[in-house]
Amino acid sequence: MNPNLQQINGVYFFVMLITSALAILLIRYTVTLRRYLKEFTRVSKKVSNKEFHTRFNTYVKGELGELSKNFNYMIQIMDCTIEEVEYKHLQLTSIVKSISHGILAIDVKGNILLINDIAKEMLKCDLETNLEGLNFKFIVKDKNILEIFQKYVGSTQNEVIELDLKDNLVYRIKIDPVYLQDSKHAIIGSIINIEDITELVKLENMRKDFVANVSHELKTPLTSITGFVETLKINDDIDKNTRNHFLDIIEKESNRLKGLIEDILLLSSIENGQDLSYEEVKLFDVFKEVYEITEFIASSKNITVSYAFEDEDVHILGFRDNVKQIFLNLIDNGIKYTPENGRIEVLQHYDENKQNIILEFKDNGIGIPKESLNRIFERFYRVDKARSRDIGGTGLGLAITKHMVKSLGGNIIVESILGIGTDFIVTIPLDTK
């Protein structure tokens, strides 16, 4: 054979051998790469579906192996981070839901980032609807609240506004700016705190009225006493009858002042939780005692006081003097505001389940106007001030009665029609105290 041909064949064989080896290596690498890409596609799809527990299961060496390792570590970090964020979000949501005030977080565009159920109720929104992401302009129905939000949301100042709404509601709305972290200039939204202060305002008004009424009630008899004392001091020649008349007025006003102070002290002791020794009190015996006390006053106006007890042996656990005061105040109140020849009924019965004792004090007196029914138990509140003072009393009787009934764990309500009569209904649980 020709040596040159033999050499050429050797080179050709060597080239074919190298080519075959490279082809085999290329095919293996292609298969591995395809399998790797298929696994990558599977894992990335699961991660996209928030399945962060998934991992690369293909074990390869080199750069692809390093990429697999880094990708698995990245998934693990994402899983831990998202879990931490979700936990903190759950904590924040739980805290916001637990706050007794309405809380809203709003961004600079007016979109709601966070809102609790109290705020939804106060803004009259559906509790089941997810409002996060919606603009507050589309969910705030009250015109006055909406105007405040539009005016102050995004402001750099802290704002506190008290707002009177319909249905006698009073809201205190506090709006605070939210700044970007470590910045005092970049505002990213506002936090709104809505507090229902209706009861606080009502109590504050009652306190002011109480102070004003006490001052007036104390000033009136003191002025009379001082005036007549001065008159007696500077006039030595006043005849005996006139002097005695002045002294009678001084005595009357002094007794009125004494009664007022005693009632205020009694009311204060009841409200502050007086330390009482409770005992078994037979209601019918206490009523009969009061009935005998008030019988003469009732007969002087020709008022008939009748009674009917379903159970004359019923007992409650309470303070006898307080129970007596309840009967006395309500019967005396009926006598005062019932014209001559009228009638008063005192009834005792049980409720349907026989869990509570019901006491009713009915009269056919002048009645109470509808607009005064929800205020009748307030201290010093009088439906007709001039008439009430002429009749007598301190204006604290019904307030004291209400607190005494509450001290027994009970409740008192009033039903009345002007010109027809009034019915005070006292409910006392059988297991009082």
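The values are calculated or read from the model by the stated rules, or taken from the named source; none is laboratory data. Everything quoted here is computed from the prediction, not taken from an experiment. Because the Cβ atoms are built from the backbone with ideal geometry, glycine has one as well, and the counts that use them run over all protein chains shown. Keep in mind that these areas ignore ligands, DNA and RNA; they rest on the heavy atoms of the full protein, side chains included. Shrake-Rupley method; radii C 1.70, N 1.55, O 1.52, S 1.80 Å.
Comparing Glu262, Glu121, Glu84 in a Gaussian network model of the chain, where Cα atoms under 10 Å apart are tied by springs, the biggest mean-square fluctuation is seen for Glu84. In the chain, the DSSP beta bridges split such that about 90 percent are antiparallel, to the nearest 5. Listed options for Cα Rg over 2.2 N^0.38 Å are (1) 1.26; (2) 1.00; (3) 1.93. The value calculated from this structure is the one marked (3).
For Lys240 and Ile420, calculate 0.36 nm times their separation in residues minus their Cα-Cα distance, and state this gained length in nm to one decimal. Intermediate values should be presented prior to the final figure.
Values: separation 180, 0.36 × 180 = 64.80 nm, distance 4.69 nm.
Roughly 60.1 nm would be gained on extension.
Could you pull out the pairs from Lys88/Lys166; Lys88/Lys174; Lys50/Lys137; Lys124/Lys370; Lys202/Lys258 whose alpha carbons sit more than 31 Å apart here?
Values: Lys88/Lys166 38 Å; Lys88/Lys174 25 Å; Lys50/Lys137 34 Å; Lys124/Lys370 29 Å; Lys202/Lys258 29 Å.
Over 31 Å apart, Cα to Cα: Lys88/Lys166; Lys50/Lys137.
How high is the relative contact order of segment 282-362? Use alpha-carbon pairs under 8 Å, at least six apart in sequence, and give a whole percent. So the answer I get is 36 percent.
So which of Lys288/Lys354; Lys219/Lys324; Lys240/Lys301 end up more than 27 Å apart, counting from Cα to Cα? Can you show the working numbers first?
Details: Lys288/Lys354 23 Å; Lys219/Lys324 30 Å; Lys240/Lys301 33 Å.
Exceeds cut-off: Lys219/Lys324; Lys240/Lys301.
Rounded to the nearest 500, what is the chain's calculated 222 nm mean residue ellipticity when only DSSP H runs of at least 4 contribute -39500 (n - 2.57) each, over all residues? Calculated at 222 nm, the ellipticity per residue is -18000 deg cm²/dmol. Treating r as the C-beta distance of Thr156 and Val211 and R0 as 45 Å, the FRET efficiency rounds to 0.65. Within the accessible surface of the chain, defined with a 1.4 Å probe on protein heavy atoms only, the carbon and sulfur portion equals 54 percent.
May I ask you to give the solvent-accessible area per residue for the chain, in square angstrom, as obtained with a 1.4 angstrom probe?
Values: 27430 Å² over 433 residues.
Here the residues of the chain average 63 Å² of exposed surface.
How much length is gained if the chain between Glu251 and Val201 is pulled fully straight, taking 0.36 nm per residue apart and subtracting their Cα-Cα distance, in nm to one decimal?
Numbers: separation 50, 0.36 × 50 = 18.00 nm, distance 3.94 nm.
Taking Glu251 through Val201 to full extension adds about 14.1 nm, to one decimal.
At R0 = 56 Å, how high is the FRET efficiency between Gln7 and Glu63 if r is their beta carbon distance? Nearest 0.05 is fine. Plugging the Cβ-Cβ distance into 1/(1 + (r/R0)^6) gives 0.85. For Leu22 and Val108, the difference between the fully extended length at 0.36 nm per residue and the C-alpha to C-alpha distance is 24.6 nm.
Over the chain, calculate the relative contact order: mean separation of alpha carbon pairs under 8 Å at least 6 apart, over the residue count, as a percent. Mind dumping the intermediate values first?
On the way: 563 pairs, mean separation 37.3, N = 433.
So the answer I get is 9 percent.
How big is the accessible area of Lys402 in square angstrom, nearest 10, if you roll a 1.4 angstrom probe over the protein chains? Ignoring ligands and nucleic acids, Lys402 comes out at about 80 Å². For the chain, the longest principal axis of the Cα atoms and the long axis of helix 143-152 meet at an angle of about 50 degrees. How about Lys141: which aspartates and glutamates have a C-alpha closer than 20 Å to its C-alpha, ignoring those fewer than 8 places off in the same chain? Straight-line reach from Lys141, under 20 Å: Asp107, Asp117, Glu121, Asp126, Glu128, Glu132, Glu162, Asp164, Asp167, Glu195, Asp196.
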